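In what follows, a structure is listed as structure tokens, so that the remarks can point back to it.
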Amino acid sequence: MSHSQTHDVIVIGAGFAGLYSVHKLRDQMGLDVTAFEAASGVGGTWFWNRYPGARCDIESIHYSYSFSEELQQEWNWPERYAGQPEILDYLNHVADRFDLRRNIQFNTRVTSMVWDEENSFWRVGTDDGKTTTARYVISGAGNLSVPKEPDFPGVKDFQGDVYVTGNWPQEPVDFTGKRVGVIGNWPQEPVDFTGKRVGVIGTGSSGIQAITEIAKQAGHLTVFQRTPNFATPIGNGPIDPELYADQKARYAELRKEARNHVQGVPLEAPLPSAIEVSAEKRKEVYDKRYAQGGFRMFLSTFADIYHSKASNDTAADYIRGKIQERVVDPAVAELLSPTDHPYAAKRPAFENGYFEAFNQDNVELVDVKSNPIERVTATGLNTTTDEYEFDVLVLATGFDAMTGPLMAMGIVGRNGERLQDKWADGPETYLGITVNGFPNLFLITGPQSPSVLYNMPLAIEDHVDFATAAIAHLNEHDLAIIEADAEAEKAWVDHANEKAAESLLPEANSWFMGSNIPGKPRRCLVYVGGAPTYRAICDEVVAEGYRGFELSPAVELAQL
Ligand code: NA7
């Protein structure tokens, strides 16, 4: 039986991707759009990750929307790298400024998404028991939005409070999503660690940020570290008003430069090779970039540290040397110094006083590589050799990244094929945004796109622009279905895998490779070929009439 859909487009999520999608589809294209958001407010990642110290590690002048000149001129960031509260304020401002909330249904999680062959639309089920249909679905469900299930038993037995960095208790928000003062004890006041015995498991980017802050409050902090990370200074501070005024005056130019940089940030170019310069010159470059902070240590030093092990070793040695300088106890410094993976084979972490925290009397580092965690107990945890006690447990154990959020939505494509089955051996996408067998579904910053290797707001804008341009193209040509060809998809997967193999990423176990989750296929989840190259490929695909896609009318139209 033929039905007409409830909406033109369903958008999933109200983070950076969902908000821009709603604006673009509704206000620029005049389409009927509705969005579902599991949280009670906008913000996506920045709604859920409210742990102490949560902060962006790309400078905010760049880590922000570029689609509206007025927006980028009127908003003022307080610090070079905004903290989570400021980014959440920004996204609330965007939602208000563009009047986006009226098209977003909050507190509503997508639980199923089934392609209706007969009607050529998606049936989207939500946890309020309703089904909504739309010709197209744009998923802005996020890359890091499903926290990893602990892979040790007993968390439920713990008698104290347990907090997960990726799902941190919220401060009170009003119905518009704005943060308000504390109302009674709802939902929870910001967590106060003062004087408490705290255990933190995990020393990735989240753990490193949280540990630095919790160490300032806790009576005793025990950090359970399995693998140390190459953390370098973030270089945060107040914004220099003169520089800021200059940047704002040439924002368009800045964005152009950003989009032509692999990171999506107009960082200074690196020198070609770390091993072709003298030791003095190498040190001079590393000293300068380490002090300047952020991704400069990685991307503005030497171009070959990402591909050549010998060059990479020089950066790794330099960072290990800094850890030895900053940590007083040599044994602790040794434990904090990574040796099992090349620098930047995992996502580099950025810090502000992390290593100095381990010089405090109240902070203890426990190596759970040599003595793994066996279980959490009622009063703490047991490793294979020791017992530890604490009042509060913080899990900074990461995410089922990239594919996790998509697999969690119960997506079923043509012929009843489940996304979980199609991706049983790892994700298969065309351009990291579409999937053969799953028509009219766009995965914003999906697996095998540059996504997290790039500056996320720009990566998101590029993808939303691609998806919405495709929808506009179909509408203009009386077409209604866009689907990636199987061959084009296979070629893209092969290309993405080849690019990954040329990089150092496969040399580490990380969420980039899916190897942080037991049983998850070990596949590179990001496109390593670089955002500018990727964008050029997407532009070519569009210029050649959506090369690699099949475009067709809706089934019922075809049957007329
Ligand atoms: P990450 O980077 O995946 O870090 C997770 C941390 O948790 C990491 O140190 C893990 O050690 C540790 N972990 C996970 N499971 C265990 C067990 N069973 N025992 C001990 N330690 C464990 O997640 P983040 O949230 O910090 O960062 C994710 C991204 O968010 C980040 O890259 C930025 O892009 C923003 P391991 O390294 O696996 O030995």
Handout entry: Accessible surface, per residue, of segment 241-333 when the full set of protein chains is kept, probe 1.4 Å, Å²
Key = 49 Å²
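Using a simple charge model, +1 on the beta-carbon of Lys and Arg, -1 on the beta-carbon of Asp and Glu, nothing else, what dipole does segment 241-333 show about its Cα centre, in debye to the nearest 20?
Details: 15 positive and 14 negative charges, 59 e Å.
Computed about the Cα centre, the dipole is about 280 debye.
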Practice task
Determine the gain in length on full extension of the stretch T111-E476; use 0.36 nm per residue of separation and subtract their C-alpha separation, reporting nm with one decimal.
Solution key: 128.2 nm
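So which trypsin sites (Lys or Arg not before Pro) in segment 223-273 pass both tests, a DSSP loop state and at most 11 other Cβ atoms within 10 Å of the Cβ?
Working: sites: R226, K248, R250, R255, K256, R259; in loops: R226, R250.
Here the trypsin sites (Lys or Arg not before Pro) that fit, given the DSSP loop and packing criteria, are R250.
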Practice task
For helix 309-326, report the angle its Cα long axis makes with the longest principal axis of the Cα atoms of the chain; keep it between 0 and 90° and round to the nearest 10°.
Solution key: 50 degrees
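Stretched out fully, how many nm does the piece from A469 to Y251 gain, at 0.36 nm a residue minus the Cα gap? List each step's numbers first, then the result.
Numbers: separation 218, 0.36 × 218 = 78.48 nm, distance 2.42 nm.
Full extension from A469 to Y251 adds 76.1 nm.
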Handout entry: Inter-probe distance in nm under a simple model that places probes 7 Å from Cα toward Cβ, at D317 and D361
Key = 3.9 nm
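Where in the chain is the longest stretch that carries no GluC sites (Glu not before Pro) classed as loop by DSSP and with at most 16 other Cβ atoms within 10 Å? Can you show the working numbers first?
Working: sites that count: E117, E118, E268, E276, E417, E544.
That would be 119-267.
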Fill in the blank from the handout: For M513 the rounded accessible area (nearest 10 Å², probe 1.4 Å, non-protein molecules ignored) is 10 Å²
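How do the peptides 137-146, 152-161 rank, highest first, by the average count of neighbouring beta carbon atoms within 10 Å per residue? Walk me through the numbers on the way to the answer.
Working: 137-146: 26.0, 152-161: 13.7.
Highest-to-lowest ranking by the protection proxy: 137-146, 152-161.
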Practice task
Could you list which residues have their amide H under 5 Å from that of V363, counting only those 5 or more apart in sequence or on another chain, with H placed in the peptide plane?
Solution key: L221
Exercise for the section: Give me the accessible area of D246, 1.4 Å probe, in Å² rounded to the nearest 10. Expected result: 70 Å²
Practice task
Report the FRET efficiency, 1/(1 + (r/R0)^6), for A310 and R418, where r is their Cβ-Cβ distance and R0 is 45 Å, rounded to 0.05.
Solution key: 0.50
Exercise for the section: Decide, for segment 80-176, between rounded, prolate and oblate: order the square roots of the alpha carbon gyration tensor eigenvalues as a ≥ b ≥ c, take rounded if a/c falls under 1.5, and otherwise choose prolate if a/b is larger than b/c, else oblate. Expected result: oblate
Problem - Listed residue pairs exceeding 23 Å between alpha carbons, taken from K148/K499; K422/K520; K196/K216 - result: K148/K499
Exercise for the section: Heavy atoms only, probe 1.4 angstrom, no DNA, RNA or ligands counted: give me D361, D539 ranked by accessible area, highest first. Expected result: D361, D539
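Which trypsin sites (Lys or Arg not before Pro) in segment 115-144 pass both tests, a DSSP loop state and at most 12 other beta-carbon atoms within 10 Å? Mind showing how you got there, number by number?
Values: sites: R123, K130, R135; in loops: K130.
The qualifying sites are K130.
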Exercise for the section: Sort R97, R109 from largest to smallest accessible area, using a 1.4 Å probe on the heavy atoms of the protein chains. Expected result: R109, R97
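On the protein heavy atoms, probe 1.4 angstrom, tell me the percent of accessible surface of the chain carried by carbon and sulfur. Walk me through the numbers before you get to the answer.
Details: 11090 of 22210 Å².
Carbon and sulfur atoms account for 50 percent of the accessible area of the chain.
For segment 241-333, how many pairs of lysine residues have a Cα-Cα distance under 25 Å, where the two are 8 or more positions apart or belong to different chains? Each step should come with its number before you reach the end.
On the way: K248/K256; K281/K309; K281/K322; K283/K309; K283/K322; K288/K309; K288/K322; K309/K322.
Lysine pairs satisfying the spacing and distance rule in segment 241-333 number 8.
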Exercise for the section: With θ set to phi - 60°, apply the Karplus curve 6.51 cos²θ - 1.76 cosθ + 1.60 along segment 87-98 and write out the HN-Hα couplings as whole Hz, x wherever there is a Gly or Pro. Expected result: 5, 5, 4, 4, 5, 5, 4, 4, 4, 6, 4, 9
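Hey, what's segment 379-422 come to in accessible area per residue, 1.4 Å probe, Å²? Intermediate results must be reported in sequence, preceding the final value.
Details: 1700 Å² over 44 residues.
Averaged over the residues of segment 379-422, the accessible area is 39 Å².
The values are calculated or read from the model by the stated rules, or taken from the named source; none is laboratory data. None of the values given here were measured: they were computed from a predicted structure. So basically every Cβ, Gly included, is an ideal-geometry build from the backbone, and we count neighbours across all protein chains shown. With ligands, DNA and RNA removed, areas are computed over all heavy atoms of the protein, side chains included. Shrake-Rupley method; radii C 1.70, N 1.55, O 1.52, S 1.80 Å.
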